[in-house]
1. Among Phe162, Phe175, which is the only one that is over 16 Å from the mean Cα position of the chain (by Cα), of a type in the set (A, V, I, L, M, F, W, C), buried (at least 24 other Cβ atoms within 10 Å of the Cβ) and modelled with pLDDT of 90 or more?
2. Mind listing whichever residues of region 191-240 are farther than 19 Å from Lys333 by Cβ, surrounded by fewer than 24 Cβ atoms within 10 Å (Cβ to Cβ) and of a type in the set (Gly, Ala, Ser)?
3. How many residues are of a type in the set (A, V, I, L, M, F, W, C), more than 13 Å from Trp164 (Cβ to Cβ) and not in a helix (DSSP H, G or I) when one looks only at region 273-309?
4. Filtering region 139-159 down to residues that are surrounded by fewer than 17 Cβ atoms within 10 Å (Cβ to Cβ) and aliphatic (A, V, I, L, M), which residue is farthest from Ala313 (Cα to Cα)?
5. Quick one: which of Asp94, Asp106, Asp89 is more than 20 Å from Leu219 (Cβ to Cβ), outside any loop (DSSP other than H, G, I, E, B) and out of contact with any His (no Cβ under 6 Å at 6 or more places or on another chain)?
6. Can you tell me how many residues within region 67-108 are among the β-branched types (Val, Ile, Thr), surrounded by fewer than 17 Cβ atoms within 10 Å (Cβ to Cβ) and more than 22 Å from Ser156 (Cα to Cα)?
7. Looking at (1) within 28 Å of Ala125 (Cα to Cα); (2) outside the structural domain of Leu219 (by TED's automatic domain parsing); (3) hydrophobic (A, V, I, L, M, F, W, C), can you tell me which one Leu354 breaks?
Amino acid sequence: MTPAFALLTDFLAAQTASEAAAAWPKGPTVGYRGSSGVPIASYIGWLREIETSPALRSESVTITVQRLRRLYYSSFTAVFKGATASSADEIMDDVMAAEAPPLTTDHISERALNGLFGTRSVRTARGLDVDIGHVWMVADWLVNGGSLMARAYLDSELSALFSWAGDLGSAVKAFRDHESVRVADDVPSTAIKKQVLLDAVKEFAAKDDLLGDLDAVVLGRRWETMGGSFVLSTELENYYKDDIKTQAQAKLLTYPHSARRFHYFLKVVEPDIPIQGEASAPLDISLKEADATAAITAALTSATADTWKKSIAEINRKLDDRGRAEFNTLIAKFVEFLKVGLRDGDALWPPAAL
């Protein structure tokens, strides 16, 4: 056991009886990410409590970003999220002590701590649910940096793997792992395969997941360029405050915002998804559909390989054996999701059928 984890286990062992119900000593006492549709204003209010906390006021915003990522994805949440939560700590560069809890009631009120920890999705003025936890994983990677080994040994662009491509790749892995698709002596019908994939999309890449993924890329890329000179609560308030505007109104705004998230996502996403209009003012983007489909196919294949811990060549062999048609259909549906989102500011997801 490393010294850091020895300290952690000593800390956990020393908790009092009154602390035993908490996720960690002086930690949250509600279920992990159990609340959907939390008003965005409430979430921003809890962030402001972090920013004004006497215990944390001297910390940089980059540390706050890491605290929030670790509140959702870290060794402290592995009991809820599994081993992948702990791997986030290994991948990211530390800007705070690895053995220290992300947040406690020494930092903020129990109400704010429970509110943040318990939030799965926030609800915007348009009535859309957004998985806000996704923002902090991408933001920590882009703002604070991460492991050179991860960059070297993973096929994916990490900001994509931690967001949209990773969620869709997880759905593809679950689809291809499903017994009705996998078992060699059972050749499933096209209808069965499509339903298995659609069920996997609903579980691993639901709409609130994808909206959180798009917002994570937009905000993470923005904060990456700001040198730590930003206020998280103000950034989120400005990003979501125009959510209810029509596309005609929202198009005239000159800063990134959720009403035009599809445009801002496609402008900054890596790997690039080919578009037209990235230099337009006001910003008005359209997809180069054939090139975009090819780029999304490559990104999703890489993410599936990394999620599955297999080579790209092996993933392609598995899909060619069973599931290639369904994989291609999923990509076509995601391209349609982006196209409609560019036009309307919102789009149906998951698709009604594959």
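1. Values: Phe162 fails: over 16 Å from the mean Cα position of the chain (by Cα).
Just one listed residue meets the conditions, Phe175.
2. Matches in region 191-240: Gly227, Gly228, Ser229, Ser233.
3. Residues in region 273-309 being of a type in the set (A, V, I, L, M, F, W, C), more than 13 Å from Trp164 (Cβ to Cβ) and not in a helix (DSSP H, G or I): 6 in total.
4. Leu148
5. Working: Asp94 fails: outside any loop (DSSP other than H, G, I, E, B); Asp106 fails: outside any loop (DSSP other than H, G, I, E, B).
When all the criteria are applied, what remains is Asp89.
6. Residues that pass the stated criteria total 1.
7. Going through (1) within 28 Å of Ala125 (Cα to Cα); (2) outside the structural domain of Leu219 (by TED's automatic domain parsing); (3) hydrophobic (A, V, I, L, M, F, W, C) one by one, Leu354 breaks only (1).
Results for (1) in a loop (DSSP other than H, G, I, E, B); (2) assigned by TED's automatic domain parsing to the domain that holds Ile91, shown as yes or no for each residue.
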{"residue": "Trp24", "(1), (2)": "yes, no"}
{"residue": "Glu59", "(1), (2)": "yes, yes"}
{"residue": "Thr64", "(1), (2)": "no, yes"}
{"residue": "Arg67", "(1), (2)": "no, yes"}
{"residue": "Val79", "(1), (2)": "no, yes"}
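The values are calculated or read from the model by the stated rules, or taken from the named source; none is laboratory data. On a predicted model such as this, the values are computed, not experimentally measured, just so you know. No Cβ is skipped: glycine too gets one built from the backbone with ideal geometry, and neighbour counts run over all protein chains shown.
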